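Readers should treat all values here as calculations from the given coordinates under stated rules, not as data from a laboratory. In this text, all values refer to a predicted model and were calculated from it rather than measured experimentally. Cβ placement follows ideal geometry from the backbone for every residue including glycine, while neighbour counts extend to all protein chains displayed.
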């Protein structure tokens, strides 16, 4: 996080509202949609719930239902709102193309897909699994991001471009991970009960595939188009098909 980064979802929400008020003063026409998306809501959880309903609702009725479900989850589990706050803040920190919090909240479909997953994960762990899987299906169809509700994902996670991303059942992804487009994190057919474990601060580059009962260590980098089926130690870079290790901070036994 940057030095003046927000410390809580409440602080971040105030920053979002200030950006929205500035945008409204600059462009009253755009301001009408801002009023519905931001200024009519009392907190970040409500605004994110609205975005989930708008993005995942195939029609207005379905959208309202998804918005209510998301609002229920955020109200029952404030940690989900804090996670949403960290995710949003991390976009501004790590994406040089993001001019602020407001554009990321309104326009980055990866952010909405990740928060929809957080709701589906909340439902999954409360035995509302059909509804959790419906949210996954809608996210896959409408946002091109399919994350199984049983997966585990930390905070300050950034889905960059967020097209063609697949995260399978039981995969574990740590804090501060960046996932580019067309990335697959999944199980091997021969070992369907074990899934990859992705450490903190890992970069999964475009088109990377990570399969099986393996660990990707903290701050490792997976190169574009690489296929990884073995452990990658922390700090190493894995490139190629099959992936080979390079740039490791310490010698790796062969």
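How far, in degrees from 0 to 90, does helix 129-143 lean away from the longest principal axis of the Cα atoms of the chain, to the nearest 10?
Approximately 90 degrees, to the nearest 10.
Name the residue, out of 78, 149, 169, whose mean-square fluctuation peaks in a Gaussian network model built on the chain with Cα pairs under 10 Å.
78
Can you tell which of 208, 76, 162 shows the greatest fluctuation in a Gaussian network model of the chain with Cα springs below 10 Å?
76
Which residue, 160, 213, 141, tops the fluctuation ranking in a GNM of the chain built on C-alpha contacts under 10 Å?
141
Quick check on the stretch 6-142: take the gyration tensor over C-alpha atoms, sort the square-rooted eigenvalues as a ≥ b ≥ c, and tell me if it's rounded (a/c under 1.5), prolate or oblate. List each step's numbers first, then the result.
Details: a/c = 1.80, a/b = 1.49, b/c = 1.21.
Verdict is prolate for the stretch 6-142.
Over all pairs of distinct alpha carbons, what does the Kirkwood formula give as the hydrodynamic radius of the stretch 161-254, in Å?
12.8 Å
If packing is taken as the average count of other Cβ atoms within 10 Å, what order do 81-93, 52-64 fall into, highest mean first?
81-93, 52-64
Would you give the gap between the C-alpha center of the stretch 57-83 and the C-alpha center of the stretch 94-171, rounded to a whole Å?
Taking the Cα centre of the stretch 94-171 as reference, the centre of the stretch 57-83 is 13 Å away.
Just need log10 I(q)/I(0) for the chain at q = 0.09 Å⁻¹, Debye formula, equal scatterers on the alpha-carbon atoms, no solvent, rounded to two decimals.
With one equal scatterer per Cα and no solvent, log10 I(q)/I(0) is -0.40.
Considering the Cα trace of the stretch 57-98, what is its radius of gyration and what is Dmax, both in angstroms?
Gyration radius and largest Cα-Cα distance of the stretch 57-98: 13.7, 37 Å.
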